[in-house]
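To start, the structure under review is shown below, and the notes come after it.
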Amino acid sequence: NGPKVFVSRRIPEKAKALITSQCNAILWEKDEPPPRDEYLKAIAGIDGLFCLLTDKIDAELLDAAGPNLRVVSTMSVGYDHVDVKECAKRNVAVGYTPGILTKATAELTIALLLAATRRLKEGIRAVENGEWGTWKPMWLCGQGLDGATVGIVGLGRIGYTVAQCLNPFGVAKFLYSGGRRPDAEVELKAEYADLDRLYAESDFVIACCALTPETAGMFNADAFKKMKKTAVFVNSSRGGVVNQDDLCAALQSGEIGAAGLDVTTPEPLPTDSPLLRLSNCVVLPHIGSATHDTREAMAVLAAQNLIAGVKGEKLPSQVE
Ligand code: GLV
Ligand code: GLV
């Protein structure tokens, strides 16, 4: 009894308890997603869906759920995997989890930036492979943040927090593009710049933009060509904003210096990807928000969105 909901993965206990206390929940209690055909069958007649960023929520799936569906609640801040227009057509509210993962994701973005620029992958490999001969003045040198220009493409919650956290490293100048943020212009003296200027002047280029039709593939050969030869490119948003073949070529040819990626196309990245052969590219398995507290808070907020949605109430965090 209670509204019927489907939870498409094993999730933190606190969120599960919240859902099962108020809903008639069908739980897919595995770390692997249900195969698509099973997914489509399992959701028939549900009132609410709790999903993850790896679940493609399209017209076919919404139709399989049927006319009772009132809410799709994703345990993620990104909702590029949800066809929001198709949801709106069917009066299905879409919930997401902004805000609570900002700090964790900014932290991981900085970890990735530092790993790429200070050559941690090469260093760790050298130690493990017995290639650490002696202390050498010119060995494994990288580019520091002190005095650097940092360009942030997409100064939203995460981008802003990345900039705030990088500021004490001695960054000389922040450039940003995308939506205007007067608060950043005051607090961080960030300068709004068009992409050409941002690419040309930045020592670090950080992608913090959502994946949309406008940003899809925007980091392509043309963009990398405009960057400094020493530029360090960092992406913790979505793999789809990058043309990955172009990035690989730019890293190989020295068009840019290094890259740190927490997101790729596809995910998981196949182990034969040429990116993984490059010493100047650090790839992580989409763990931006992966702190214990953050993942629990995301799951709880997604559960709250789900429960509000099946009751026909406004969601605590609703995609507008
Ligand atoms: C993670 O990528 C998220 O969108 O929450
Ligand atoms: C995502 O949360 C962003 O707005 O940066």
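Between residue 169 and residue 194, the contour length at 0.36 nm per residue exceeds the alpha carbon distance by 6.5 nm. Among 138, 218, a tally of other beta-carbon atoms within 10 Å of each Cβ gives an order, fewest to most, of 138, 218. For segment 172-188, the Karplus equation 6.51 cos²θ - 1.76 cosθ + 1.60, evaluated at θ = phi - 60°, returns couplings of 7, 7, 9, 10, 8, 9, x, x, 6, 10, x, 4, 6, 5, 7, 5, 10 Hz by residue, with Gly and Pro reported as x.
Once the chain from residue 187 to residue 225 is taken as fully extended at 0.36 nm per residue, the excess over their C-alpha distance is 10.6 nm.
Sparsely packed loop sites in segment 88-184 (the trypsin sites (Lys or Arg not before Pro) outside DSSP H, G, I, E and B with at most 14 other Cβ atoms within 10 Å) comprise 180. Distance between the 7 Å Cα→Cβ label points at residue 265 and residue 252: 1.8 nm. Cβ crowding within 10 Å, taken as a proxy for footprinting-reagent exposure, orders 174, 50 from fewest neighbours to most as 174, 50.
Over the chain, what is the mean sequence separation of C-alpha contacts under 8 Å (at least six apart), divided by residue count, expressed as relative contact order in percent?
Over the chain, the number comes to 19 percent.
Placing pseudo-labels 7 Å out from each Cα toward the beta carbon at residue 59 and residue 276 gives an inter-label distance of 3.7 nm.
Computed on segment 47-111, the Cα convex hull volume stands at 77 Å³ per residue. In the chain, a dipole from Cβ-located charges (positive for Lys and Arg, negative for Asp and Glu) runs towards its positive end, and of 299, 48, 152 it is 299 whose Cα lies farthest in that direction.
Find the relative contact order for segment 102-283 and round it to a whole percent, using C-alpha pairs within less than 8 Å whose residues are 6+ positions apart.
Numbers: 336 pairs, mean separation 39.1, N = 182.
So the answer I get is 21 percent.
Of the GluC sites (Glu not before Pro) in segment 1-75, the ones in a loop by DSSP (not H, G, I, E or B) with at most 15 other beta carbons within 10 Å are 29. By the Kirkwood approach, averaging reciprocal distances over each pair of separate Cα atoms, segment 102-283 gets a hydrodynamic radius of 16.5 Å.
Loop-located GluC sites (Glu not before Pro) across segment 105-143 with a Cβ neighbour count of 15 or fewer within 10 Å are 131, with loop assigned by DSSP. Once the Cβ-Cβ distance between residue 139 and residue 26 is put in as r, and R0 is 56 Å, what FRET efficiency do you end up with, to the nearest 0.05? For residue 139 and residue 26, the calculated efficiency is 0.50.
Hey, how many Å between the Cα centroid of segment 36-79 and the Cα centroid of segment 158-180? Taking the Cα centre of each part, segment 36-79 and segment 158-180 sit 36 Å apart. Just so you know, the averaged projected area of the alpha carbon convex hull for the chain sits at 17.7 nm². Residues 49, 284, 251 in ascending order of nearby Cβ atoms (within 10 Å, fewest first): 284, 251, 49.
Readers should treat all values here as calculations from the given coordinates under stated rules, not as data from a laboratory. Because the structure is a prediction, the values reported are computed rather than measured. Cβ sites come from the backbone with ideal geometry, for glycine too, and all protein chains shown count toward neighbours.
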